[in-house]
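Below is one structure, written out as structure tokens; comments come after it.
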Amino acid sequence: MRVLVTVFLVISSALSAQEPKLDSDKLNDEAIVELSFRSPNRPFEPLVLKAVEMGVRAGLKTVSYSVSVSKLSRNEPYILMSWDIGTDAPVVSLQGVRIDESGTLRCGTKKDCPTGHEGDVLLLRVSGMLGEPRRFVLTGSDKKPVAFGEAIPFPAIGKDKQCTVEAVILRPNASVTLLIGQGFVPGEEVKRISSSRGETTGGTSKADADGRVVSIDLPFVKGYENGQTSITYQGSKCSPSTTFSWGSYREEQADKPATP
């Protein structure tokens, strides 16, 4: 599942004591896993997650997704696994998953279906932190991957003209965050500005042949347990910005009803 990508590490000089040891290889591995879920050249079939409903569960905002895949056998059961950030491998979520003639994933037996009805369309209802990816892997009965894909129910994306910058958290406290800029002039030097708790760091990265810039941000500031980070990528024709939170894991909360 590896892809060829260069990830430039951006390390704040005021790195929090909560991250005392910095393993560059580990950070790059975490980034590569995330980028592999997005790569058009992924080694397995893409799982397509389509948002169909917004909701609330236990005070948290949720998004429900239908799931489809185009080029797999319709005549055998599959296993759906989830791969949460901060973990080294996926774990089983649902067994006995079937694919109908349209490519849509459906429940197998009654006991394997969240709705309790055999053959229902499978809907993945997820919550999450701002910028948190929800990754899924489909395997055969031998647990060998055959398809994978992800959704980010609450993306942290900023846009300016033709350019975007997205912050994708790689650990549950957002202590490691992947930054993906797109739409820049291929080969140009793109300036990066990261501001957390009044401290600002920066640098430059060269956009690749597709106009993409990828880097890792470590937003924690010494002496603080939480905060927000603002990221700006400045190119010759655009300067997109976005913001994400770090510290205690906190999924997006449902809006409280107004007091009469």
Worksheet item: Would you call K206 outside the structural domain of L27 (by TED's automatic domain parsing), of a type outside the set (D, E) and closer than 26 Å to V33 by Cβ?
Response: no
Fill in: Only listed residue being hydrophobic (A, V, I, L, M, F, W, C), assigned to a loop (DSSP other than H, G, I, E, B) and either farther than 20 Å from T229 by Cα or modelled with pLDDT of 50 or more (or both), chosen from L22, L35
L22
Item to complete: Evaluate the stretch 199-218: report whether one residue or more is in a loop (DSSP other than H, G, I, E, B), among the polar types (S, T, N, Q) and either out of contact with any His (no Cβ under 6 Å at 6 or more places or on another chain) or in contact (Cβ under 8 Å) with a residue 60 or more places away in the chain (or both).
Response: no
Worksheet item: Would a scan of the stretch 168-175 turn up a residue that is out of contact with any Cys (no Cβ under 9 Å at 6 or more places or on another chain), among the hydroxyl-bearing types (S, T, Y), in a strand (DSSP E or B) and touching a residue at least 60 places away in the same chain (Cβ under 8 Å)?
Response: no
Worksheet item: Between residues in the stretch 61-76 that are among the charged types (D, E, K, R) and residues that are outside any strand (DSSP E or B), which pairs lie under 6 Å by C-beta distance while being six or more apart or on different chains?
Response: K61/E252; K61/A254
Worksheet item: Being in the same structural domain as P114 (by TED's automatic domain parsing) and surrounded by 16 or more Cβ atoms within 10 Å (Cβ to Cβ), is that true of even one residue in the stretch 50-60?
Response: no
Practice prompt. Might you check whether a residue that is basic (K, R), more than 15 Å from F148 (Cβ to Cβ) and in contact with a strand residue (DSSP E or B) (Cβ under 7 Å, 6 or more places away or on another chain) occurs anywhere in the stretch 107-123?
Written response: no
Worksheet, complete the sentence: P186 passes all but one of the listed conditions (1) in a loop (DSSP other than H, G, I, E, B); (2) touching a helix residue (DSSP H, G or I) at 6+ places or on another chain (Cβ under 7 Å); the exception is number (2)
Worksheet, complete the sentence: Considering the stretch 101-134, residues that are charged (D, E, K, R) and under 19 Å from A51 (Cα atoms), and then whichever is surrounded by the most Cβ atoms within 10 Å (Cβ to Cβ), we arrive at E132
Worksheet item: Is it the case that some residue within the stretch 227-240 is over 17 Å from G181 (Cα atoms) and within 23 Å of the chain's Cα centre (by Cα)?
Response: yes
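The values are calculated or read from the model by the stated rules, or taken from the named source; none is laboratory data. Predicted, not measured: the structure shown is a model, and the values here were computed from it. Don't worry about glycine lacking a Cβ; one is built from the backbone with ideal geometry, like all the others, and counts go over all protein chains shown.
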